[in-house]
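Trainee: Take this structure, written in structure tokens, and hold onto it; I'll ask about it next.
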Amino acid sequence: MIKTEEEILRNLKLVVLDLDGTILDNENNISKETINLITKLKDKGLKFTIASARYLSSFLDYIKLLNIDLPVICLDGSVIINPITGEYINELFIPAKYVLRSIKMSEKYSLNFLLFCKDGIYYNKNSYVIESLLHKYGTEYKLINFINNCVNETYEVIITGNEFENLKKVKRKMIFPYTYGIQASIYKSRKDNGNNFLEIKKIGVNKGMALKKLCNYLDIKIKNTAVVGDWYNDISLFNTNAFKVAMANAVPEIKKLADITTTKSNNEDGINEFLNLLLELKS
């Protein structure tokens, strides 16, 4: 039997929220109404968590505001961690030999790189692009002096530079047959004048795969989960069997996969349209 949208929403057990461009406005604020609605829904038994590209340290304040006590997804799926106990549910590191290879390739083509490690972000040289990226993640930043201190616990490598062709060359050298079990993709930042970045991770690292692991850990079926997002890094979430909610400001690829799209953007508390709908159905 095919369930209606209303039946699906009534049976939701978990809502997974993206931060930037979704529940945060462009000034990084969550509205009081959003906090109030989530509190009311939690009182009715609905669970909430966060899936973000950020380090945990950069959104601990939001976790406190929303009183989230479930594991959260960080660094686009590289980490699943309980913010209350500090327990790591899952961690996925790039093999050290491939981290060293990415550094070697970056230096060969005079590119900037950042290593997203367990103890913070390491980078090779200052630039305005690097500085803008560092500002976002809310963790310790360390100019590299001793590379061996960090390569064994690197979740992700980001490489950037002015020459797009050089990024493409490095990308080719960071995938099969030169590496095994590594994914490399070039994307544009939503800010920073659309600068290009090469992102290197272990294969299988994305929010969607992390959601499956989290649901298994919580013993909640993905079909009883809703995901809310707006950007390209949310596409893997929208390719699961969860109920998908796109923000009005979402990229077209997200809207195409969504079950519903809000009429208002993140700057207009668009998330509250969905939360009010849930509250009505849960009442």
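This table checks each residue for (1) in a strand (DSSP E or B); (2) under 19 Å from the mean Cα position of the chain (by Cα); (3) surrounded by 16 or more Cβ atoms within 10 Å (Cβ to Cβ).
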position	(1), (2), (3)
Asp76	no, yes, yes
Lys97	no, no, no
Ser102	no, no, yes
Met105	no, no, yes
Phe116	yes, yes, yes
Lys125	no, no, no
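Trainee: Another one. Give all pairs with beta carbons closer than 7 Å in which a residue from segment 195-213 that is on the phi < 0 side of the Ramachandran plot meets a residue that is in a helix (DSSP H, G or I) and of a type in the set (Asp, Glu); count only pairs at least 6 apart in sequence or on separate chains.
Mentor: Pairs that qualify, where the first residue is on the phi < 0 side of the Ramachandran plot and the partner is in a helix (DSSP H, G or I) and of a type in the set (Asp, Glu), are Val205/Asp76; Asn206/Asp76; Lys207/Asp76; Lys207/Asp234.
Trainee: Could you grab me the full set of residues in segment 252-266 that are surrounded by 17 or more Cβ atoms within 10 Å (Cβ to Cβ) and either of a type in the set (Gly, Ala, Ser) or under 19 Å from Ser31 (Cβ atoms) (or both)?
Mentor: Hits for segment 252-266 are Ala258, Thr262, Ser265, Asn266.
Trainee: State whether one or more residues within segment 66-74 are charged (D, E, K, R), open to solvent by 40 Å² or more (accessible area, probe 1.4 Å) and touching a residue at least 12 places away in the same chain (Cβ under 8 Å).
Mentor: yes
Trainee: Shifting gears a bit: Return yes when Val170 is in contact with a strand residue (DSSP E or B) (Cβ under 7 Å, 6 or more places away or on another chain), among the hydrophobic types (A, V, I, L, M, F, W, C), farther than 24 Å from Val79 by Cα and at pLDDT below 65 and no when it is not.
Mentor: On the way: in contact with a strand residue (DSSP E or B) (Cβ under 7 Å, 6 or more places away or on another chain): yes; among the hydrophobic types (A, V, I, L, M, F, W, C): yes; farther than 24 Å from Val79 by Cα: yes; at pLDDT below 65: no.
Judged against the criteria, Val170 is not a match.
Trainee: Any chance you could count how many residues in segment 212-250 are crowded, with 24+ Cβ neighbours inside 10 Å and under 27 Å from Asn152 (Cβ atoms)?
Mentor: Residues in segment 212-250 being crowded, with 24+ Cβ neighbours inside 10 Å and under 27 Å from Asn152 (Cβ atoms): 1 in total.
Trainee: Return the residues of segment 9-60 that are loosely packed, with under 15 Cβ neighbours inside 10 Å and in contact with a Phe, Trp or Tyr (Cβ under 6 Å, 6 or more places away or on another chain); say none if nothing qualifies.
Mentor: Within segment 9-60, none qualify.
The values are calculated or read from the model by the stated rules, or taken from the named source; none is laboratory data. Note that the structure is a prediction, hence the values are computed from the model and not measured. Cβ atoms come from the backbone with ideal geometry, glycine included; neighbour counts cover every protein chain shown. Just so you know, the surface numbers come from the protein's heavy atoms only, side chains and all, with ligands and any DNA or RNA stripped out. Shrake-Rupley method; radii C 1.70, N 1.55, O 1.52, S 1.80 Å.
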